[in-house]
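Novice: Below is a structure I'd like to ask you about.
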Amino acid sequence: MMQSAPRAGAADFDAIIVGAGFSGMYQLHLLRDRLGLKARVLEQGGGVGGTWYWNRYPGARCDSESHSYCFTFSEALYKEWEWSERYPGQAEIMRYMNWVADRLDLKRDIAFDTRVTACRYDAAANLWEVETATGERLTATWLITAVGCLSTANVPKIPGLESFGGRWYHTGQWPHEGVDFTGARVGQIGTGSTGIQAVPVIAAEAKHLTVFQRTANYSVPARNGPLAAEFKAWARENWQAIRETTQSTPNGHPFIIADRSAWDVTEAERQAIYEAAWEKGGLQFRAAFRDLLMDKAANDTAAAFLKAKIREIVQDPETAAKLADIDHPYAAKRPPIDTHYFETFNRDNVTLVDVRANPIERITPEGIRLRDGTEHALDIIVFATGFDAMTGPLLRLNITGRDGLPLAEAWAAGPRTYLGLQVDGFPNLFTITGPGSPSVLCNMPVCIEQHAEWIADCIAHLRGNGIARMEPEPAAVERWVAHVNEAAHATLLPQAGHSWYLGANVPGKPRVFMPYAGGMARYRGICADVAAKGYEGFRLEAPAPV
Ligand code: N01
């Protein structure tokens with residue numbers, strides 16, 4: 001169907017932003033305070049914070065180091081806040097987010113407790129109409145999704161859940177008042193980054209914890225602790241240098257990947273390097289050699305070191321063997337970091353159950369029954385089972401583009417975007433950290449700042465040039481999808497066949513490697529180049545003459 005020429009319509013808002021986490025907050029600040037636009041944020045939660053508003057599970061803590069897990073666009077803002085620990089806990093991040101929101105006076109333009117139920121593009125008016133759960137309808141020229149990549153909880157459809165006589169929770173929808181595990185028999189399903197953080201904290205409180213492991217996972221100690229006064233002073237004084245580092249590294253973290261191959265050193269030197277990285281702790285372990293994510297044999301050396309650590313820590317050989325029976329390259333799935341995860345299996349009140357060998361058959365009124373008939377009696381089940389990642393939060397918005405095309409249909413075979421920022425058929429829609437952008441492979445605030453700034457600059461350009469409609473050319477989308485695929489396959493990442501990066505954790509979801517694995521610094525350059533070339537690959541249309 002031919003589409004009518006765009007008109008500059010009279011909308012309620014210049015921009016509607018969905019979500020008030022890091023991305024929605026910064027996008028609001030840029031559009032309202034820098035461009036002077038009329039912008040409104042719609043947020044499902046009762047406060048700011050995005051993922052941290054919902055993920056209040058025991059042990060919830062960020063695994064980016066605190067001095068890099070924050071906004072860095074403003075020197076003043078950066079220097080005014082002081083983090084207390086190497087890795088910020090959920091409560092401290094929430095304090096930070098609220099502090100920023102108040103400091104930038106953002107809350108007056110955020111509608112809380114407002115769930116978006118549908119977004120429709122009206123081609124004739126060239127407007128987005130956004131509907132909320134209360135039936136309210138708002139219109140805007142620009143629709144910007146700031147819904148995060150991990151905000152749609154994945155509760156597996158295990159038969160019998162509704163019959164369970166105890167309580168159950170998903171870590172991503174944790175009750176604000178907390179959960180009292182005292183005296184309880186707890187079962188936790190899932191051993192991803194979340195599960196690995198939750199296990200030690202739940203075990204310390206519960207009468208008994210049974211961990212149901214489907215896929216064994218690597219983990220490196222976080223070595224979290226209070227930050228020394230000298231470090232805090234160093235971070236304050238080095239705002240610019242920290243920012244330059246995080247913007248120049250492939251993953252947006254404040255450490256540099258060593259410029260050496262695992263094969264440049266002797267076996268003894270390699271072990272010493274891994275040992276030092278293990279002692280230092282955290283995600284930096286990945287930075288020991290530059291080829292860990294490219295060369296399977298190099299990766300095998302790291303994997304062997306980490307599996308040996310598990311066997312060294314865990315006293316019961318049978319439990320250690322199950323925990324170390326890891327079937328994917330190190331860091332091909334998101335690598336967790338922990339505080340006493342493997343040590344927790346030495347406690348008398350913790351049991352590991354291998355549900356790959358003996359799968360969960362059903363949930364009964366009393367607990368969890370496995371295929372071989374074994375029944376685990378439980379009072380509480382914790383689902384640390386992850387998310388319908390990246391596409392889930394977008395599809396949940398029921399977005400309909402040009403010619404009534406639902407996003408779910410456009411993406412039936414997997415997400416297709418240009419730069420992870422726009423989708424053909426969906427004019428004037430921007431997706432912050434969308435599929436096809438580095439997003440979850442990067443320290444999130446770093447990629448969020450880049451996206452929000454690119455979008456604000458783009459909107460300023462469009463307004464300055466009288467352009468009313470922007471949409472990617474299908475050929476540009478085609479090229480970008482191919483490039484995202486090629487970038488993923490240049491690494492070992494697709495080798496973890498059950499990873500949520502591939503959508504493999506949600507039954508029926510298309511298996512497409514969703515984030516851009518070419519590195520954040522390279523991606524930043526590509527986006528800048530596209531803008532410098534007059535938004536190459538996008539179709540820009542001026543309003544129709546009146
Ligand atoms: O989720 P996951 P997550 N039966 O999907 C298992 C971020 N994050 O919430 O691997 C049995 O990684 C599943 O098993 P398998 C971070 O980006 C960040 O832990 O599919 N088990 C797996 O073990 C992270 O990667 C921080 O075989 C089932 C687990 O549940 C992302 O969030 C902290 C199952 C899910 O692991 C998601 O992590 C925490 C079933 N039916 C999280 N279904 C930071 O610190 C699923 N599983 C920033």
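Novice: Of the residues that sit in region 378-420 and are among the hydroxyl-bearing types (Ser, Thr, Tyr) and farther than 30 Å from THR191 by Cα, which one is least open to solvent (accessible area, probe 1.4 Å)?
Specialist: THR417
Novice: Could you tell me whether region 75-82 includes any residue that is away from the ligand (no atom under 16 Å from the Cβ) and touching a Ser or Thr at 6+ places or on another chain (Cβ under 6 Å)?
Specialist: Yes, the conditions are met somewhere in region 75-82.
Novice: Follow-up. Within the bounds of region 523-534, is there any residue that is open to solvent by 10 Å² or more (accessible area, probe 1.4 Å) and part of a loop (DSSP other than H, G, I, E, B)?
Specialist: Yes, region 523-534 has at least one match.
Novice: Between ALA229, ALA206, ALA241, which is within 28 Å of GLN188 (Cβ to Cβ), in the same structural domain as ALA297 (by TED's automatic domain parsing) and more than 16 Å from the ligand (Cβ to nearest atom)?
Specialist: Only one candidate passes the filter, namely ALA206.
Novice: Then there's this: Give me the pairs, please: first residue somewhere in region 436-456 and touching a residue at least 12 places away in the same chain (Cβ under 8 Å) and part of a helix (DSSP H, G or I), second residue anywhere and away from the ligand (no atom under 16 Å from the Cβ) and among the basic types (Lys, Arg), beta-carbon distance under 8 Å, and either six or more positions apart or on two chains.
Specialist: That search, which allows pairs on different chains as well, returns GLN450/ARG524; ALA456/ARG34.
Novice: Among all residue pairs at least 6 apart or on different chains, which show Cβ distances below 7 Å where the first residue, located in region 273-291, is under 17 Å from PRO329 (Cα atoms) and not assigned by TED's automatic domain parsing to the domain that holds GLY519 and the second is in a loop (DSSP other than H, G, I, E, B) and charged (D, E, K, R)?
Specialist: Final answer for the pair search is LEU283/ASP63; PHE289/ARG260; ARG290/ASP259; ARG290/ARG260.
Novice: Which one of LEU293, LEU306 is open to solvent by 40 Å² or more (accessible area, probe 1.4 Å) and within 26 Å of the chain's Cα centre (by Cα)?
Specialist: LEU293
Novice: If you don't mind, there's one more thing I want to ask. Kindly check whether there is at least one residue in region 342-353 that is touching a helix residue (DSSP H, G or I) at 6+ places or on another chain (Cβ under 7 Å), open to solvent by 40 Å² or more (accessible area, probe 1.4 Å) and not in a loop (DSSP other than H, G, I, E, B).
Specialist: Yes, region 342-353 has at least one match.
Novice: For region 126-147, state whether one or more residues are part of a loop (DSSP other than H, G, I, E, B), more than 30 Å from THR400 (Cβ to Cβ) and either open to solvent by 20 Å² or more (accessible area, probe 1.4 Å) or assigned by TED's automatic domain parsing to the domain that holds THR245 (or both).
Specialist: For region 126-147, residues part of a loop (DSSP other than H, G, I, E, B), more than 30 Å from THR400 (Cβ to Cβ) and either open to solvent by 20 Å² or more (accessible area, probe 1.4 Å) or assigned by TED's automatic domain parsing to the domain that holds THR245 (or both): absent.
Novice: If you take the residues in region 309-359 that are over 29 Å from the mean Cα position of the chain (by Cα) and within 16 Å of the ligand (Cβ to nearest atom), which one is nearest to THR491 (Cα to Cα)?
Specialist: ALA357
Novice: On to the next question. For region 363-377, give me the residue count where each residue is open to solvent by 10 Å² or more (accessible area, probe 1.4 Å) and of a type outside the set (Asp, Glu).
Specialist: Number of matching residues: 7.
Novice: Looking for whichever is in a loop (DSSP other than H, G, I, E, B) and within 15 Å of the ligand (Cβ to nearest atom) here; the options are ALA389, ALA413. Which one fits?
Specialist: On inspection, the qualifying residue turns out to be ALA389.
Novice: Being more than 11 Å from the ligand (Cβ to nearest atom) and at pLDDT 95 or above narrows it down to one residue among ILE368, ILE399; which is it?
Specialist: ILE399
Novice: Quick check on this structure: which one of THR374, THR431 is at pLDDT 95 or above and either of a type in the set (Lys, Arg) or within 16 Å of the ligand (Cβ to nearest atom) (or both)?
Specialist: Result of the check over THR374, THR431: THR374.
Novice: Do you know which residues across region 57-86 are without any contact (Cβ under 8 Å) to a residue 40 or more places away in the chain, outside any loop (DSSP other than H, G, I, E, B) and open to solvent by 20 Å² or more (accessible area, probe 1.4 Å)?
Specialist: Once the filter is applied, which keeps residues that are without any contact (Cβ under 8 Å) to a residue 40 or more places away in the chain, outside any loop (DSSP other than H, G, I, E, B) and open to solvent by 20 Å² or more (accessible area, probe 1.4 Å), region 57-86 yields ALA76, GLU80.
Novice: Then there is this: Is there any pair with a first residue in region 493-513 that is hydroxyl-bearing (Ser, Thr, Tyr) and a second that is crowded, with 21+ Cβ neighbours inside 10 Å whose Cβ atoms are under 7 Å apart and which are 6 or more apart or on different chains, and what are they?
Specialist: Once the first residue is hydroxyl-bearing (Ser, Thr, Tyr) and sits in region 493-513, its partners that are crowded, with 21+ Cβ neighbours inside 10 Å give SER499/ALA332; SER499/LYS333; TYR501/LEU493; TYR501/PHE513; TYR501/MET514; TYR501/PRO515.
Novice: Name the one entry in GLY508, GLY497, GLY503 that is within 16 Å of the ligand (Cβ to nearest atom), over 30 Å from ARG243 (Cβ atoms) and open to solvent by less than 20 Å² (accessible area, probe 1.4 Å).
Specialist: Of GLY508, GLY497, GLY503, the one residue that is within 16 Å of the ligand (Cβ to nearest atom), over 30 Å from ARG243 (Cβ atoms) and open to solvent by less than 20 Å² (accessible area, probe 1.4 Å) is GLY503.
Novice: Filter region 210-226 for residues that are open to solvent by 30 Å² or more (accessible area, probe 1.4 Å) and either assigned by TED's automatic domain parsing to the domain that holds ALA496 or outside any loop (DSSP other than H, G, I, E, B) (or both) and give the result.
Specialist: PRO226
The values are calculated or read from the model by the stated rules, or taken from the named source; none is laboratory data. Nothing here was measured: the structure is a model prediction, and the numbers come from that model. Quick reminder, even Gly has a Cβ in these numbers, built from the backbone with ideal geometry, and neighbours come from all protein chains shown. To get the accessible areas, we keep the full protein, side chains included, count just its heavy atoms, and leave off ligands, DNA and RNA. Shrake-Rupley method; radii C 1.70, N 1.55, O 1.52, S 1.80 Å.
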